[in-house]
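Below: one structure, written as structure tokens.
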Amino acid sequence: MENHKSFTYMGRTFSDLSVGDNSTAFSDCNSDRSGEFPTTSSQSRRLLLACASDNSDELIHQLVSDLQSCSIEEQKQAAMEIRLLAKNKPENRLKIAEAGAVKPLISLLSSSDLQLQEYGVTAILNLSLCDENKELIASSGAIKPLVRALRIGNPTAKENAACALLRLSQVEENKMAIGRSGAIPLLVNLLENGGFRGKKDASTALYTLCSVKENKIRAVHAGIMKPLVELMADFGSNMVDKSAYVLSVLVSVPEARTALVEEGGIPVLVEIIEVGSQRQKEIAVAILLQICEDSVTYRTMVAREGAIPPLVALSQSGTNRAKQKRH
């Protein structure tokens, strides 16, 4: 992680938004949000009993064995049940991983059957909700297959793959590996073209991954500025905060500042300072201060967009967080 700085304008300090400030803008993936899969009544009862009982070890070992069946339908059923066991009972997540499910599930991510791939991705996502499983999942080779699912999977598989990669990226040493596996352009594409859930998961994953400088550059080269600026300009998107937070970690590199200006980002940021929520205003100020810090040209552009009056107003009415530190 890079060190975060604070910037002062007219005696008032604005943080450039450290990770701890984003708790309400980003919600973590708590479990998959896929639809429930149909099962026969007997299978449903079996699963219900397993979820309710204290000892599901026997069922888990049988399901892990079924993952390696020659029958795609048996594999689907096993992956579905593992996914539900991991979703509905957190203590099962470590049990399932310890029973040897991770590698067979990863093998499903390369299946040509997109539904089977989706089930495998979703099961991996739910297992990754256990912090103890993250290192095992990554070291077992899940990153590249998850990136593949992000590229060619059905919409649900793409969303769940983005969320699983987010979970793995919370381990610092995985961030570069995920970036080097081609995930960044695919996440940018999901941010631009996905549904609301896809955009949200992509923005959260990108925010986490782009704490690493090389991933910031990848994101800029992948064209992230266009969707970020468009989402920030659309107050009805419910993505203004998330997009601005992603932008706040990117603008520490010159390439991002240049791309932001080229995509018309300065007028959008000034508009946020004028009409956004208090938090949105402070994010926008922090971004503009980073852009202007070493550039007379950018300072002139910001002034010409009419930023001075709303900046003065904000400097007089900032939140307690903005008031805490002064140079």
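The values are calculated or read from the model by the stated rules, or taken from the named source; none is laboratory data. Computed from a prediction, not measured in an experiment: that's the story for all the values here. FYI the Cβ positions are ideal-geometry reconstructions off the backbone, even for glycines, and counts take in every protein chain you see. Side chains are part of the model used for accessible areas, which takes the heavy atoms of the whole protein and leaves out ligands, DNA and RNA. Shrake-Rupley method; radii C 1.70, N 1.55, O 1.52, S 1.80 Å.
Points worth noting:
- The residue that is nearest to Pro104 (Cα to Cα), among those in the stretch 59-82 that are among the polar types (S, T, N, Q) and open to solvent by 50 Å² or more (accessible area, probe 1.4 Å), is Gln68.
- Among the residues of the stretch 255-284, the ones that are surrounded by fewer than 22 Cβ atoms within 10 Å (Cβ to Cβ) and either closer than 22 Å to Thr204 by Cα or among the basic types (Lys, Arg) (or both) come to 7 in all.
- Which listed residue is of a type outside the set (D, E, K, R), in the same structural domain as Thr300 (by the TED database), modelled with pLDDT of 95 or more and within 26 Å of Ile143 (Cβ to Cβ), from Ser203, Ser243, Ser252, Ser181: Ser243
- Flag if Ser252 is within 18 Å of Cys292 (Cβ to Cβ) and either open to solvent by 10 Å² or more (accessible area, probe 1.4 Å) or under 18 Å from the mean Cα position of the chain (by Cα) (or both): yes
- Condition met for Ile217 (buried (at least 24 other Cβ atoms within 10 Å of the Cβ), more than 12 Å from the chain's Cα centre (by Cα), free of Cβ contacts under 8 Å to residues at least 40 places away in the same chain and assigned by the TED database to the domain that holds Thr122): no
- Taken together, the residues in the stretch 131-144 that are buried (at least 24 other Cβ atoms within 10 Å of the Cβ) and not in a helix (DSSP H, G or I) amount to 1.
- Close pairs (9 angstrom Cβ cut-off, 6 or more residues apart or separate chains): surrounded by 13 or more Cβ atoms within 10 Å (Cβ to Cβ) in the stretch 285-306, assigned to a helix (DSSP H, G or I) and among the aromatic types (Phe, Trp, Tyr) anywhere: Leu288/Tyr298; Ile291/Tyr298; Cys292/Tyr298
- Test: residue in the stretch 112-130 that is outside any helix (DSSP H, G or I) and farther than 22 Å from Asp201 by Cβ: yes
- Looking at Ser169, Ser112, just one residue is open to solvent by 40 Å² or more (accessible area, probe 1.4 Å) and hydroxyl-bearing (Ser, Thr, Tyr), and that residue is Ser112.
- Of the helices (runs of 4 or more DSSP H) lying entirely inside the stretch 153-205, those containing at least 3 residues that are touching a Pro at 6+ places or on another chain (Cβ under 9 Å) and in contact (Cβ under 8 Å) with a residue 12 or more places away in the chain are 183-193.
- The single condition among (1) at pLDDT 95 or above; (2) in the same structural domain as Gly141 (by the TED database) that Gly198 does not satisfy is (1).
- Among the residues making up the stretch 220-241, those that are open to solvent by 40 Å² or more (accessible area, probe 1.4 Å) and of a type outside the set (Lys, Arg) are His221, Glu230, Ala233, Asp234, Phe235, Gly236, Asn238.
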